[in-house]
1. For residue 74, state whether it is open to solvent by 60 Å² or more (accessible area, probe 1.4 Å), in contact with a strand residue (DSSP E or B) (Cβ under 6 Å, 6 or more places away or on another chain) and either more than 19 Å from residue 119 (Cα to Cα) or at pLDDT 95 or above (or both).
2. If you take just the strands (runs of 3 or more DSSP E) that sit entirely in region 1-43, which of them hold at least 1 residues that are among the acidic types (Asp, Glu)?
3. Taking the options 91, 69, name whichever one is surrounded by 15 or more Cβ atoms within 10 Å (Cβ to Cβ) and either among the charged types (D, E, K, R) or in contact with a Phe, Trp or Tyr (Cβ under 9 Å, 6 or more places away or on another chain) (or both).
4. Is there any pair linking a residue in region 16-37 that is modelled with pLDDT of 95 or more to one that is basic (Lys, Arg), with Cβ under 6 Å and at least six apart or on different chains, and which?
5. Would you check which residues across region 78-125 are modelled with pLDDT of 95 or more, of a type outside the set (A, V, I, L, M) and within 17 Å of residue 63 (Cα to Cα) and list them?
6. Which residue is surrounded by the most Cβ atoms within 10 Å (Cβ to Cβ), if the candidates are limited to region 30-65 and must be within 20 Å of residue 9 (Cα to Cα) and small (Gly, Ala, Ser)?
7. Failed condition for residue 98, given (1) more than 17 Å from residue 20 (Cβ to Cβ); (2) assigned to a strand (DSSP E or B), with all others met?
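The values are calculated or read from the model by the stated rules, or taken from the named source; none is laboratory data. Every value quoted in this text rests on a predicted model; they were computed, and no experiment measured them. Backbone-built Cβ (ideal geometry, glycine too); neighbour counts: all protein chains shown. For accessibility, only protein heavy atoms count, side chains too; no ligands or nucleic acids. Shrake-Rupley method; radii C 1.70, N 1.55, O 1.52, S 1.80 Å.
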Amino acid sequence: QVRLVESGGGLVQAGDSLTLSCGDPRRTASNNGVGWFRRTPSKEREFIAAISWNGGNIYYADTVKGRFTISRDRTKYTTYLRMTNLKPEDTGVYFCAQSRSAVPPGTSTEGYRNWGQGTQVTVSS
């Protein structure tokens, strides 16, 4: 089955930083955008950030703006999510997926496909 692969999650303290990676082993998302979502007790798939195929367009949820940074290294077929000043409310399972177009269509999960299995991020107080 074609899908992306998340990695880099773990247990950290509030205020710490953590970088997640989204691998594209089959090179299926080279010409598509990539989005990051998270599953929390409140939301099944909360939109976090998205980036277009070449990094020219970037979007962030208000809850993470200024703290999280999404980037893409096309030579490594990998999209990153750099998280800083983590808070307990950031705890959740983080997923990445490719958009159905070169530029991410929006925050809805319906605009994405080839979801990974997710990586757990736990932020303690």
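1. On the way: open to solvent by 60 Å² or more (accessible area, probe 1.4 Å): yes; in contact with a strand residue (DSSP E or B) (Cβ under 6 Å, 6 or more places away or on another chain): no; either more than 19 Å from residue 119 (Cα to Cα) or at pLDDT 95 or above (or both): yes.
Here the answer is no, as residue 74 does not meet what is asked.
2. Working: elements: 5-7, 10-13, 18-23, 34-39.
In region 1-43, the matching strands (runs of 3 or more DSSP E) lie at 5-7.
3. 69
4. Note: pairs meeting the criteria are 19/82; 37/45.
5. 82, 84, 85, 87, 88, 89, 90, 91, 92, 94, 95, 122
6. Residue satisfying both the conditions and the ranking: 35.
7. Every listed condition holds for residue 98 apart from (1).
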